[in-house]
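Remarks on the structure that follows.
The values are calculated or read from the model by the stated rules, or taken from the named source; none is laboratory data. All figures in this text were calculated on a predicted structure; none of them were measured in a lab. Note: ideal-geometry Cβ built from the backbone for every residue, glycine included; neighbour counts use all protein chains shown. Only protein heavy atoms, including side chains, enter the accessible area calculation; ligands, DNA and RNA are left aside. Shrake-Rupley method; radii C 1.70, N 1.55, O 1.52, S 1.80 Å.
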Amino acid sequence: MLAKKCFFRLLILCVIPVISSTAQNNQNEIKGVVLSAKDSIPLIGVSVYFDGTSIGVSTDQKGRFELNFEAGINSPMVISYVGYEPVIVDNYATYKGLVPVIYLHEKPEELEAVYLEDDPWTRKKKLAVFRREFLGKTEATIHCKIKNEEVLKLRYFPSSQTLIAYADSPLIIENKYLGYKVYYTLQEFEAEFITNLQGLRLTNRVYYEGVCFFNELRKKASKKIIKNRNISYLGSSLHFMRSLAAHNLEENGFKIFYNSWQVPAYKYFEMKKTTDFTKVTLLVDQVSVLYQDFEQSEFMTKGSFFIDTFGNHSPPNVIIFGGHISMSGVSELLPLDYGIH
């Protein structure tokens, strides 16, 4: 079996982390210091960011950081440094602005995994399949490139027709279509295939999970980049989640269908709203989502989930999209804070 990558989580005290709504001017600040677990030496240049956003900083000469964020964000705070295991802080709100000292552990040397069946695919073929299923199958994919593919570990299992992947360090993705450089720490990737009666291999299911941070490729985005971002946002999972939580699906162009019949948008959604997030329960196994009458997606869940004020949903593995939204991939991924400011 494939050895799972290690991610440390710091003092997880609640299932759904939320930010206090009592902060003044809708702004919060969190401070901390990052040290080496081996000798307690301050680590300089450590990336500290909120997962899936463009909100982040680096530690200074003394390992310190100060990070500002808006109330209502539900994304974990990620502390990442080359050669060290990432730390993910879920409940930073409970520390009231000052988190305990964060110690990073050096990554241990890994033993080569032993497999019980041969892998018949070449690395070239596995990379091509990974790019297609991870980056997506849209126009944006052409302008999106993984700059450090050498860090990817790939394995295909013919008995289950499954491709798995992981990486020792964050994938660096240059997305010229949306104007971002994305640092994606891949926690899990699995693509499952089926073979039809004609002998063609088709994608049956793709699941990947990770944490990521967005940097602008240029100081100022061009008009074309801004247009591309707007195109990618409209009808996306982020657009859908924000619309779902705000109770304006139909106003934003989304129609809901069940068993091929259009139904009132919220007939099969149970919604419970609090100050900081919305709890959502899908009351049937699956619904279809139609955006602007031509982009169709399937929407399934494995239980209730939560949407924060950014449109971030958690836990991530509860929701499954099929159809148009599932084709987008990382090449059309936008920061969770896109359009917030």
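Scanning region 116-127 for residues that are closer than 20 Å to GLY199 by Cα and either surrounded by 14 or more Cβ atoms within 10 Å (Cβ to Cβ) or among the acidic types (Asp, Glu) (or both) gives ASP119, TRP121, LYS126.
Restricting ALA113, ALA23 to those that are at pLDDT below 95, out of contact with any strand residue (DSSP E or B) (no Cβ under 7 Å at 6 or more places or on another chain) and either closer than 30 Å to LYS153 by Cβ or buried (at least 20 other Cβ atoms within 10 Å of the Cβ) (or both) reduces the list to ALA113. Remark: ASP168 falls outside the filter, which requires a residue to be of a type in the set (D, E, K, R) and farther than 21 Å from TYR207 by Cα. Reported count of residues in region 262-300, each being part of a loop (DSSP other than H, G, I, E, B), more than 16 Å from ASN248 (Cβ to Cβ) and open to solvent by 40 Å² or more (accessible area, probe 1.4 Å), is 7. Number of residues in region 128-184 that are under 21 Å from SER326 (Cα atoms) and open to solvent by 60 Å² or more (accessible area, probe 1.4 Å) equals 9. Among the residues of region 240-261, the ones that are basic (Lys, Arg) and in a helix (DSSP H, G or I) come to 1 in all. Please enumerate the residues belonging to region 305-341 that are assigned to a strand (DSSP E or B) and β-branched (Val, Ile, Thr). Passing the criteria: ILE307, ILE319, ILE320.
Anything in region 57-88 that is open to solvent by 30 Å² or more (accessible area, probe 1.4 Å), on the phi < 0 side of the Ramachandran plot and not aromatic (Phe, Trp, Tyr)? List them, or say none. Those that are open to solvent by 30 Å² or more (accessible area, probe 1.4 Å), on the phi < 0 side of the Ramachandran plot and not aromatic (Phe, Trp, Tyr): VAL57, SER58, ASP60, GLN61, LYS62, ARG64, GLU66, ASN68, GLU70, VAL82.
Taking region 129-169 as the range and being over 21 Å from the mean Cα position of the chain (by Cα) and touching a residue at least 24 places away in the same chain (Cβ under 8 Å) as the test, the residues that pass are ARG155, TYR156, PHE157, PRO158, SER159, SER160, GLN161, THR162.
Conditions tested, residue by residue: (1) touching a helix residue (DSSP H, G or I) at 6+ places or on another chain (Cβ under 7 Å); (2) open to solvent by less than 40 Å² (accessible area, probe 1.4 Å); (3) at pLDDT 95 or above.
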residue: THR195; (1), (2), (3): no, no, no
residue: ARG205; (1), (2), (3): no, no, no
residue: LYS219; (1), (2), (3): no, no, no
residue: SER222; (1), (2), (3): no, no, yes
residue: LYS227; (1), (2), (3): no, no, yes
residue: LEU234; (1), (2), (3): no, no, yes
residue: SER243; (1), (2), (3): no, yes, yes
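When the test is whether a residue is more than 29 Å from ILE164 (Cβ to Cβ), open to solvent by less than 30 Å² (accessible area, probe 1.4 Å) and not β-branched (Val, Ile, Thr), ASN91 passes it.
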